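Notes to accompany the following structure.
None of the figures in this text is laboratory data; all of them are computed from the coordinates on show. What you are looking at is a predicted structure, and each value in this text was computed from that prediction instead of being measured. We place every Cβ from the backbone using ideal geometry, glycine too, and count neighbours over all the protein chains shown.
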Amino acid sequence: MTATENNSSEYVGPELGGFATKLSWYARQKMFDLLIALANPNADTTVLDVGVTSDRREDCNFFEKLYPYRNKITVVGMEDASFLEQEYPGLKYVRSDGLTLPFPDKSFDLVVSFAVIEHVGSRVQQKAFVRELCRVGKTCCITTPNRWYPVEFHTAVPLLHWLPPSWFRAVLRLLGKHFFAKEENLNLLSEKDVLKMFPADARISTKHFRLLGLISNLLFYVENPL
């Protein structure tokens with residue numbers, strides 16, 4: 001593993017409320033630009049995007065909106081995102097669980113997954129998810145909100161997510177936020193948590209995205225051995 005690196009870009013999660021959509025879109029464009037600079041893809045680069053959604057908000061499925069070589073993209077999701085095939089001719093949609101991807105080893109030049117890992121489930125499932133992305137990709141890009149940012153983006157609740165997870169979920173239930181109180185729907189991660197999940201021989205660069213000067217989101221760029 002390589003030493004981590006900081007990046008001065010700012011990123012805000014899309015779940016903080018409707019008022020944040022435009023800011024989220026701007027920030028995602030900056031994230032996209034950073035990924036392109038790291039991966040340097042071309043018209044022959046094969047890409048897998050794991051975790052597309054049926055949500056048609058402006059800031060959802062942003063990679064497909066921005067990436068120029070859409071005929072080289074395969075997208076995977078548990079929700080019905082087949083409409084992406086009509087919106088972007090040449091793109092291929094596969095409905096699948098990210099824990100068991102139906103592709104051979106190293107079958108994609110680049111695998112991306114944006115703010116999905118925190119919704120995969122337990123730490124065991126999250127690790128399996130990371131290992132599966134690394135299995136099918138020669139390189140990978142994984143992003144997630146930083147657990148140690150003062151505001152939890154999905155619930156817009158400050159500080160409570162710094163409590164032990166069982167306490168945090170109990171408080172969410174008291175606040176009526178039952179969906180995000182379930183581990184399978186939200187399981188926040190720190191940088192250290194994610195770094196423990198990668199194969200030992202992977203080369204990893206960690207980029208930090210900041211909001212109001214504090215690290216709000218994390219990007220992991222992974223080069224896997226062939």
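General remarks:
- Given charges at Cβ of Lys, Arg, Asp, Glu: the chain dipole, positive-most of 149, 50, 200: 149
- Amide H contacts of residue 189 (H built 1.01 Å from N, under 5 Å, at least 5 apart or other chain): 147
- Kirkwood-based Rg to Rh ratio, the chain, C-alpha trace: 0.94
- 93, 26 arranged by Cβ crowding within 10 Å, fewest neighbours leading: 26, 93
- Which listed pairs, of 72/182; 30/177; 22/196; 92/196; 106/127, have C-alpha distances above 25 Å, in listed order: 72/182; 30/177; 22/196; 92/196
- For the range 14-223: relative contact order, % (alpha-carbon pairs under 8 angstrom, 6 or more apart): 18 percent
- Value of D in µm² per second that Stokes-Einstein yields for the range 12-139, Kirkwood Rh from Cα pairs, at 10 °C (1.306 mPa s): 105 µm²/s
- GNM flexibility winner over the chain from 54, 166, 82 (Cα, springs under 10 Å): 166
- Under the combined filter of DSSP loop state and at most 15 neighbouring Cβ atoms within 10 Å, the range 118-216 retains these trypsin sites (Lys or Arg not before Pro): 182, 196.
- Linear extension gain, residue 167 paired with residue 46, 0.36 nm per residue minus alpha-carbon span: 39.3 nm
- Gain on full stretching of the segment that runs from residue 99 to residue 87 - 0.36 nm per residue minus C-alpha separation: 1.7 nm
- Among 83, 209, 129, the residue with the largest mean-square fluctuation in a Gaussian network model of the chain, with springs joining Cα atoms closer than 10 Å, is 83.
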